[in-house]
Amino acid sequence: MKFEAYKKQTEQWPDDGKHIMAQFDEETIIVYQAYSDAIADFAVAHQYFGGAFSYTRMSWIKPNFLWMMFRSGWAQKSGQERVLAIRIKRSFFDEILTQAIPSSFIASGFATQEAWKQAIETSEVRLQWDPDHDPVGNCLPRRALQLGLRGKMLARYGKEEILEIIDVTPFILEQFPHADQHEQLLIPSESIYQSCI
């Protein structure tokens, strides 16, 4: 993984709009999830999700590091004490995006609510745009993406498509005291993967 000063990165990031912000290269992209010790220990040891991990419920992945920090409280929230960086192929991530159905009818583009509901019920990927956040949790005009996976798509993600699982919790705990000190804060290097303005 690559890391860079938060302040330097924000000079290049868009202020608003819907953007998939992520760390990626020509073939791979990193997404984040936060879990309990039991799930994280198994995932890191075996490099796939199993053990206490549930394949019967929807699981959300986030390509944006600071959105994960807001959601997990910088790895301080119960059940989210361990943050994992999961490297997957861009081809698989792009496949997820093509199958994603927006969580709300208004944002879906469907002609009728009935058509949207049917798509939601049958799709294995849910897409949601939420306010992005700065390091101390303040809402920003920019929107951040999270993707919910279930069924066969979740099984593929958790058992087949992962290239690497990295426990970034030690890095997060090291940087957490600098969350309100932008001059010192380091975070994973991220840029626009895709704009959806």
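The values are calculated or read from the model by the stated rules, or taken from the named source; none is laboratory data. Please read these numbers as outputs of a predicted model, since none were measured by experiment. Positions of Cβ are generated from backbone atoms using ideal geometry, with glycine treated the same way; all protein chains shown enter the neighbour counts.
Residues in segment 152-179 that are more than 25 Å from Gln76 (Cα to Cα), of a type in the set (A, V, I, L, M) and surrounded by fewer than 16 Cβ atoms within 10 Å (Cβ to Cβ): Ala155, Leu163.
When the test is whether a residue is under 30 Å from His46 (Cβ atoms), of a type in the set (Val, Ile, Thr) and modelled with pLDDT under 95, Ile101 does not pass it. Among the residues of segment 116-146, those that are closer than 28 Å to His182 by Cα and among the aliphatic types (A, V, I, L, M) comprise Val136, Leu140, Ala144, Leu145.
Is it the case, given these coordinates, that Phe171 is under 23 Å from Phe42 (Cβ atoms), modelled with pLDDT of 95 or more and out of contact with any helix residue (DSSP H, G or I) (no Cβ under 8 Å at 6 or more places or on another chain)? Yes, satisfied. Note on segment 54-87: among residues that are aromatic (Phe, Trp, Tyr) and in contact with a strand residue (DSSP E or B) (Cβ under 8 Å, 6 or more places away or on another chain), the one that is farthest from Leu173 (Cα to Cα) is Trp60. When Tyr193, Tyr157 are screened for being in a strand (DSSP E or B) and hydroxyl-bearing (Ser, Thr, Tyr), only Tyr193 passes. In segment 119-136, the residues that are surrounded by 19 or more Cβ atoms within 10 Å (Cβ to Cβ) reach residues that are hydroxyl-bearing (Ser, Thr, Tyr) and at pLDDT 90 or above with C-beta atoms within less than 9 angstrom, at least six apart or across chains, in these pairs: Pro135/Tyr6.
Here Ile61 clears all of (1) part of a strand (DSSP E or B); (2) surrounded by fewer than 18 Cβ atoms within 10 Å (Cβ to Cβ) except the condition numbered (2). Scanning segment 25-57 for residues that are under 28 Å from Tyr193 (Cα atoms) and surrounded by 20 or more Cβ atoms within 10 Å (Cβ to Cβ) yields Ile29, Ile30, Val31, Tyr32, Gln33, Ala34, Tyr35, Ala40, Ala43, Phe49.
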